[in-house]
Amino acid sequence: MSNKSIVVTDPIYDYILSASLREPEVLKLLREETARHTHSNMQIAPEQGQFMALLVELIGAKKILEVGVFTGYSSTSLALALPSDGHITACDISEEFTAVARRYWAQAGVSDKIDLRLGPALDTLDSLIAEGRSGSFDLAFIDADKANYDGYYERALDLLRVGGLLLVDNVLWNGKVVEDSAFDDADTAAIRALNEKIHADPRVTISLLPVADGLTLALKR
Ligand code: SAM
Ligand code: CA
C-alpha cells in the first residue's frame with residue numbers, strides 16, 4: 001500500500017483492461033483500425049474513453065465540445081454515452097483523419113449527434129462564441145495541438161456553463177513536464193505553462209489524474 005498513485009506496469013495495465021474495460025464492438029474495431037495508422041499514438045486509451053463516457057453520464061451532459069477528433073475514438077465514446085437529444089460540436093483541421101471518424105460515427109449510429117467543424121480550432125471556438133454559444137456547453141475535451149492549449153482552455157472555459165466540466169488531455173506529456181532542462185520544446189513548454197496556470201486559476205475546481213497520459217478535470221465555478 002502507498003499513499004501515492006500506483007505505477008502502472010504492463011501486467012497491471014493488462015489487468016485494468018481485463019477487469020474493467022467494457023468496450024463496445026464498434027470502438028474495438030475503430031481502435032484496431034487506428035492501431036495501423038501512422039499516428040496511432042494520438043488516440044486516447046480505451047479505459048480513458050470509458051472514464052470520459054462515465055463523466056458524461058455522471059453530469060448528465062447534453063452538449064459537448066471536442067477539440068481534436070483524429071479518427072474519432074474519443075468523440076464516439078462520448079457520443080455513445082449521450083442521451084438521444086445530446087450533441088457534440090467536434091473540431092479538427094484534418095479532412096483525412098476525420099474521414100475515418102465519420103465512418104465510425106455512422107457505424108455507431110451517432111452521426112446525427114455530431115457537428116464536425118473543419119478548420120483551425122481557435123477560429124471555430126471564436127465563431128461559436130460569436131454565435132452566442134458562451135455558457136452553453138456541459139463538457140469540453142481539449143486534445144488538439146499543444147501549442148494552442150492555452151487558447152483552447154480560455155475559449156472552452158467561456159463556452160462552458162457554470163458547473164460544466166473541462167477535460168484537458170496529455171497534461172503529463174509522457175513525463176516531459178517534470179524534466180525542466182532536458183525538454184524545452186514548445187509543446188512541453190505550453191503544457192507546463194497551462195498546468196501552472198490551471199493550478200492557480202480561481203475560476204475552476206481541479207483534479208489532475210494520472211489516467212493514460214494525464215487528464216486534468218476542471219469544473220467551471
Ligand atoms: N481525441 C482524439 C482521439 O481520441 O483519437 C485524438 C486527437 S489527436 C491527439 C489531435 C488532433 O488535433 C488531430 O486530429 C489533428 O488533426 C488536430 N489538430 C491539430 N491542429 C489543429 C488545429 N489547429 N485546429 C484543429 N485541430 C487540430
Ligand atoms: Ca491526447
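Along the Cα-to-C-beta direction of ASP112, a point sits 7 Å from the Cα; which residues of the range 71-91 have their amide N less than 11 Å from that point?
Zone members listed by number: 84-86.
How much length is gained if the chain between SER136 and ASP10 is pulled fully straight, taking 0.36 nm per residue apart and subtracting their Cα-Cα distance, in nm to one decimal?
41.3 nm
So what's the convex hull volume per residue for the Cα atoms of the chain, in Å³?
137 Å³
If you count, for each residue, the other Cβ atoms within 10 Å and average over each peptide, how do 62-70, 104-112 line up from highest to lowest?
Descending mean neighbour count gives 62-70, 104-112.
Only four residue types carry charge here, +1 at the Cβ of Lys and Arg and -1 at the Cβ of Asp and Glu. Report the dipole size of the range 124-221 about the Cα centre in Debye, rounded to the nearest 20.
The dipole of the range 124-221 has a size of about 500 debye.
Stokes-Einstein diffusion coefficient for the range 2-115 at 37 °C in a medium of 0.692 mPa s, Rh from the Kirkwood formula over Cα pairs: what value in µm²/s?
It comes out at roughly 222 µm²/s.
For the range 19-86, what number results from the quotient of the Cα radius of gyration and 2.2 N^0.38 Å?
1.10
No lab work stands behind these numbers, since they all come straight from the coordinates. The structure presented is a predicted model; accordingly, all values stated were derived computationally and were not measured. Positions of Cβ are generated from backbone atoms using ideal geometry, with glycine treated the same way; all protein chains shown enter the neighbour counts.
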